[in-house]
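A short write-up of the structure that comes next.
The values are calculated or read from the model by the stated rules, or taken from the named source; none is laboratory data. Everything quoted here is computed from the prediction, not taken from an experiment. Ideal geometry is used to build each Cβ from the backbone, glycine not excepted, and the neighbour counts take in all protein chains shown.
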Amino acid sequence: MSDPSPALIPAVLDVWCELQCPDCRTALDDLRALRERYGDRLELRLRHFPLEKHKHAFAAAQAAEEAAEQGKLWPYVEAVLGRVAELDRGGESLLVSVAGELGLDAEEFDTALIDGRHILIVDADQAEGKAIGVTGTPTYVVGGERLDGGKSQEGLRERVEQIVDRLLAEQG
């Protein structure tokens, strides 16, 4: 009997994102397409990079971490990014109401934003982003390459696909 082939380790795409960023909202189409193309062969990891110019970005990053803890990270991220303009006006109350709309525990979101339980994760992501040269969002890191989507989304998905295809081919 032969050994079953080892499970493939998915390629990893770190997505440095800010939930009040219109460019990140635009990037959602690319992320959906990548998810559809690769399924579980590509792990999309949200990395937080709140920008100072957006006053609710830091709270939104913490809220995303609470959504991850409650099992709905990407649906929450997509819902908040879909309401970037509203977030500017609605702030933390919008973050909590989006959680409720998705069936998450909105009261727990409110508490998490008050007690700051996710601040260290957001701070660590931001520090790591700065250390590797992230200056804006979205920025992708895949296969050791940093791709800046804040300047232009043009051709970015194709470049990510080339790198992911290469990584997956190297595995087997």
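The table that follows gives values for the structure above.
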item	result
Ala85 part of a helix (DSSP H, G or I), more than 14 Å from Thr137 (Cβ to Cβ) and either of a type outside the set (A, V, I, L, M) or in contact with a Leu (Cβ under 7 Å, 6 or more places away or on another chain) (or both)	no
Residue that is farthest from the chain's Cα centre (by Cα), among those in the stretch 45-55 that are buried (at least 21 other Cβ atoms within 10 Å of the Cβ) and over 14 Å from Tyr76 (Cβ atoms)	Pro50
Matching residues, the stretch 148-171, being touching a residue at least 12 places away in the same chain (Cβ under 8 Å) and in a loop (DSSP other than H, G, I, E, B)	Gly149, Gly150, Lys151, Gln153
Candidate set from the stretch 110-147 (those that are polar (S, T, N, Q) and assigned to a helix (DSSP H, G or I)); member that is surrounded by the most Cβ atoms within 10 Å (Cβ to Cβ)	Gln126
Test result for Val84, touching a helix residue (DSSP H, G or I) at 6+ places or on another chain (Cβ under 7 Å) and farther than 25 Å from Glu128 by Cβ	no
Residue that is nearest to Asp29 (Cα to Cα) [pool: residues in the stretch 79-106 that are at pLDDT below 95 and acidic (Asp, Glu)]	Glu86
Tally of residues being over 14 Å from the mean Cα position of the chain (by Cα) and closer than 22 Å to Ala33 by Cβ across the stretch 118-143	1
Residue match in the stretch 100-109 (condition: in contact (Cβ under 8 Å) with a residue 60 or more places away in the chain, in a helix (DSSP H, G or I) and among the hydrophobic types (A, V, I, L, M, F, W, C))	no
Test: residue in the stretch 42-62 that is acidic (Asp, Glu), touching a residue at least 24 places away in the same chain (Cβ under 8 Å) and more than 16 Å from Thr139 (Cα to Cα)	no
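The rows are residues; the columns are (1) assigned to a helix (DSSP H, G or I); (2) at pLDDT 95 or above; (3) under 24 Å from Arg166 (Cα atoms); (4) of a type in the set (A, V, I, L, M).
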site: Asp3; (1), (2), (3), (4): no, no, no, no
site: Val15; (1), (2), (3), (4): no, yes, yes, yes
site: Asp23; (1), (2), (3), (4): yes, no, no, no
site: Lys55; (1), (2), (3), (4): no, no, no, no
site: Ala60; (1), (2), (3), (4): yes, yes, no, yes
site: Ala64; (1), (2), (3), (4): yes, yes, no, yes
